[in-house]
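Right, one structure below, let's go through it.
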Amino acid sequence: MRKIVYFILFFICSFFSAQSFPYDRSWGTYVGGGGTEVLNLVDTKAFIVNQQDEVFVNANTLDGNNVYPASYHNQFAISSGGYAYDSSQQNQFLNIFSTNGTQLYGAYKGTVAGSSERLMAIDAQNNRYILKRFAGLVPNLATSGAWLSSPVGSTNKTVVLYKYAPNGNVIYATYLPYSISVSCFADGDAVYVVGDVKQEIAGLSNPGVFQENYTNFGPSGLNGFYVKLSATGSKQIGTYFPTPIYAAYYNGGLYFWTDFSLSGQQSLVTPGTFQ
């Protein structure tokens, strides 16, 4: 079996002259063991940097043929509080590296198909936004005043977004509609949440937004959605999209893209654009 490893290089800019190569390697390290991938996460940032320039690396580990024993994989989980490595599943994995590449934290965070947690964003105050998925419907996890107070969108799965202060205290927890794919982007003390749904979710959209209601446009039955949550987890604005969407945040703006086949039922383009 060919062992797949990922090597991370971090660079610092050095603007000594216009003619010189503008980047110098600051540090580099391997991440995880055989079967670890950090670059294939379309809906989740693989790399997140906090205000201290510590680097958080989201990864998945799958040893499909069980070439290595669990003890081999567990050696990369140097921190307590994680999940046990599951040799039969694709495991989620979180690493934290210091500014000089020293590993500060490493733990498995559940499996892609089962219960898990994933770091989604860190804001300017170093608050962390963590998405937790649970097998089954788990009640009473939301905090008072948060957007959704109970599981929605699935009969057997639960999705919750937690906001943690730097000291580890929970600032809020809100249920999210069950989504195959979820992205989060911190903006000041607020957060944008992007996902997908297969049904109308009460209170998701606002009057006058791009698409106010869930509509089944195609075979998958999936609509995208976007909501903005306040510092305390209440919903400020939300809208549906005709198709599942991906998003990127840059300089205060949220940009979406998608591929779709809508048979002319819904137009996503505006006049005067390229096509």
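Points worth noting:
- Only a single item in (1) touching a residue at least 60 places away in the same chain (Cβ under 8 Å); (2) out of contact with any Pro (no Cβ under 7 Å at 6 or more places or on another chain) is not met by Thr239, and it is number (1).
- Boolean, Lys198 is charged (D, E, K, R) and within 24 Å of Gln125 (Cβ to Cβ): no
- Applying the criterion of being surrounded by fewer than 17 Cβ atoms within 10 Å (Cβ to Cβ) and modelled with pLDDT under 95 to the residues of region 169-189, the residue that is nearest to Thr232 (Cα to Cα) is Asp189.
- Residues located in region 190-219, provided they are of a type outside the set (A, V, I, L, M, F, W, C), surrounded by 20 or more Cβ atoms within 10 Å (Cβ to Cβ) and within 16 Å of Ala247 (Cα to Cα): Gly195, Asp196
- Residue count for region 88-112 satisfying the condition of being loosely packed, with under 15 Cβ neighbours inside 10 Å, out of contact with any Leu (no Cβ under 8 Å at 6 or more places or on another chain) and not hydrophobic (A, V, I, L, M, F, W, C): 5.
- Where Ile130 falls short, out of the listed (1) modelled with pLDDT of 95 or more; (2) within 15 Å of the chain's Cα centre (by Cα); (3) surrounded by fewer than 19 Cβ atoms within 10 Å (Cβ to Cβ): (3)
- Total residues in region 216-230, condition part of a loop (DSSP other than H, G, I, E, B), within 19 Å of Trp257 (Cα to Cα), among the polar types (S, T, N, Q) and modelled with pLDDT of 90 or more: 0
- Residue match in region 113-120 (condition: loosely packed, with under 14 Cβ neighbours inside 10 Å, under 19 Å from Val38 (Cα atoms) and modelled with pLDDT under 95): yes
- Counted residues, region 4-59 - those being at pLDDT 65 or above, buried (at least 16 other Cβ atoms within 10 Å of the Cβ) and not basic (Lys, Arg): 20
- Of the strands (runs of 3 or more DSSP E) lying entirely inside region 102-159, those carrying at least 1 residues that are in contact with a Cys (Cβ under 8 Å, 6 or more places away or on another chain) are 116-122, 128-135.
- Index of the failed condition, Asn140 passing every other in (1) modelled with pLDDT of 95 or more; (2) surrounded by 13 or more Cβ atoms within 10 Å (Cβ to Cβ): (2)
The values are calculated or read from the model by the stated rules, or taken from the named source; none is laboratory data. Not measured: the values here are computed from a predicted model. Reconstructed Cβ throughout: ideal geometry from the backbone, glycine too, with neighbour counts over all protein chains shown.
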